[in-house]
Structures are given as structure tokens and as C-alpha cells.
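Here's the structure we're looking at; comments come further down.
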């Protein structure tokens with residue numbers, strides 16, 4: 001939770017706005033993942049929890065259509081490359097701010113220790129577990145690729161065709177091409193406020 005505050009992915013609800021009736025509180029808990037090499041303890045927010053109305057936040061959100069390729073054709077294309085490249089987008093959902101009018105639908109209760117009073121916070125970015133999160137994040141990634149098509153034609157094409165949510169499965173016919181793809185992917189993602197991590201390749205010289 002401290003990380004959420006430090007990265008400004010969560011903010012304290014001002015006293016003047018606490019009684020805003022257009023708000024919703026999300027239950028949350030921690031999940032320990034011993035096998036994870038990046039995030040051992042992950043916070044999970046339950047947007048499917050029913051409120052007193054009998055509805056949850058997820059009941060009211062629009063899911064949106066699929067805008068990325070299915071996994072099977074991505075895997076088939078991936079097997080063609082001589083030099084394979086894998087990576088994922090770091091904290092993909094949390095790099096995307098939600099509209100300030102919507103943040104109160106993602107309120108939570110939290111205190112740093114049992115001796116402190118409970119405070120009200122609100123999440124300011126797209127939240128994993130909300131039904132609209134996959135569409136919003138993949139649509140934004142797609143738009144970034146479209147916007148940067150003239151600057152990075154090959155990288156834009158790889159982003160449109162070789163991403164499955166936040167996971168990249170791409171590559172090149174040559175080591176030189178793979179090196180260029182990695183470099184351009186990092187630059188293009190930076191322009192959209194994203195960062196790629198967990199780089200893996202069958203040719204370490206490509207990274």
C-alpha cells in the first residue's frame with residue numbers, strides 16, 4: 001500500500017469529499033506469491049463484491065470488446081522467429097490514470113497499523129480485477145502503436161500483433177533485427193508511459 005501511495009496510484013480522500021454519495025468502497029486483501037520474482041505480495045481488490053444494492057462495480061462496468069489477437073495465432077507466429085524475444089509491461093494497468101470523476105468509485109479503507117485510525121483512500125489508476133481493465137489497457141497499448149506507426153513501423157506492427165494483454169511474444173529473423181526491435185520497443189513504450197521488464201531471449205546477445 002505504501003508503494004501505491006509513493007507512486008501516486010492511490011490518494012487520500014479530502015475531508016470535504018468524504019460524504020460524496022457517488023462513491024463505492026472496494027474490499028481488498030493481500031496475496032502472497034512465493035514463486036513471483038518481482039511482486040511477492042500483491043494487493044487484490046474485489047470489484048465483484050456486492051454492495052447493499054445487490055450490485056457490484058463489475059456489474060455496472062462495460063467490459064468492452066477484444067482488441068488483441070487470440071493467443072493461438074500469437075504462439076504460432078512466435079515459433080517462426082529465429083531469435084525469440086519475451087517481455088512484459090511493468091504494472092501495466094497501474095500506468096493508466098482514470099478520469100478524476102471516476103476515482104471515487106474505487107475507494108478503499110486502510111490504516112498502516114492497528115493503532116492508527118482508519119482512513120479513506122481512492123485508487124487513481126486502472127485497477128486489476130475490474131471488468132473493464134483488460135479492454136482499457138489493451139486498447140491504450142493498441143492506440144500507442146497506431147500513434148507511433150510512422151516513427152516505429154516494425155515495432156508498431158509487433159505491438160499490434162504480438163502482445164497478449166501485457167505479455168510480449170515476438171522476435172526477429174536475425175540478431176541485428178532483434179536488437180533493433182528491443183531498442184525501439186523500449187523507446188516507444190516510454191513515450192506512452194510504459195516500461196518493459198522480464199526480458200528473455202534464446203539469444204542473450206539480442207538483449
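What follows is calculated from the coordinates using simple rules that are stated; it is not laboratory data. The shown structure was predicted, so the numbers you read here are calculated from the model rather than taken from an experiment. Because the Cβ atoms are built from the backbone with ideal geometry, glycine has one as well, and the counts that use them run over all protein chains shown.
Couple of notes before you dig in:
- Sorted by Cβ neighbour density within 10 Å, fewest at the top, the residues 197, 175, 107: 197, 175, 107
- Segment residue 29-residue 146, length gained on full extension (0.36 nm per residue, minus Cα span): 38.4 nm
- Calculated SAXS-style log₁₀ I(q)/I(0) at q = 0.15 Å⁻¹ - region 125-207, Debye, Cα scatterers: -0.55
- Between residue 20 and residue 55, the contour length at 0.36 nm per residue exceeds the Cα-Cα span by 10.7 nm.
- Rounded, prolate or oblate (a/c below 1.5 giving rounded, otherwise prolate when a/b exceeds b/c) for region 106-156 by Cα gyration tensor: prolate
- Between 0 and 90°, nearest 10: helix 133-147 axis offset from the chain longest Cα axis: 40 degrees
- Whole-number D in µm² s⁻¹ for region 33-89, Kirkwood Cα-pair radius fed into Stokes-Einstein, 10 °C, 1.306 mPa s: 100 µm²/s
- Percent RCO, i.e. relative contact order, over region 87-149, from Cα pairs under 8 Å lying at least 6 residues apart: 33 percent
- Relative packing of peptides 144-155, 65-76, 160-171 - highest average C-beta neighbours within 10 Å first: 160-171, 144-155, 65-76
- Pairs of alpha carbons in region 1-111 whose separation is greater than 20 Å (percent): 59 percent
- Between 0 and 90°, nearest 10: helix 175-191 axis offset from the chain longest Cα axis: 30 degrees
- Mean separation of Cα contacts under 8 Å (6+ apart) over length of the chain, as relative contact order %: 27 percent
- Between the entries (1) 59, 34, 29; (2) 64, 46, 28; (3) 67, 37, 30, the label attached to Cα extents along the principal axes in Å calculated for this structure is (1).
- Calculated P(r) of region 86-170 - Cα pairs past 14 Å, %: 70 percent
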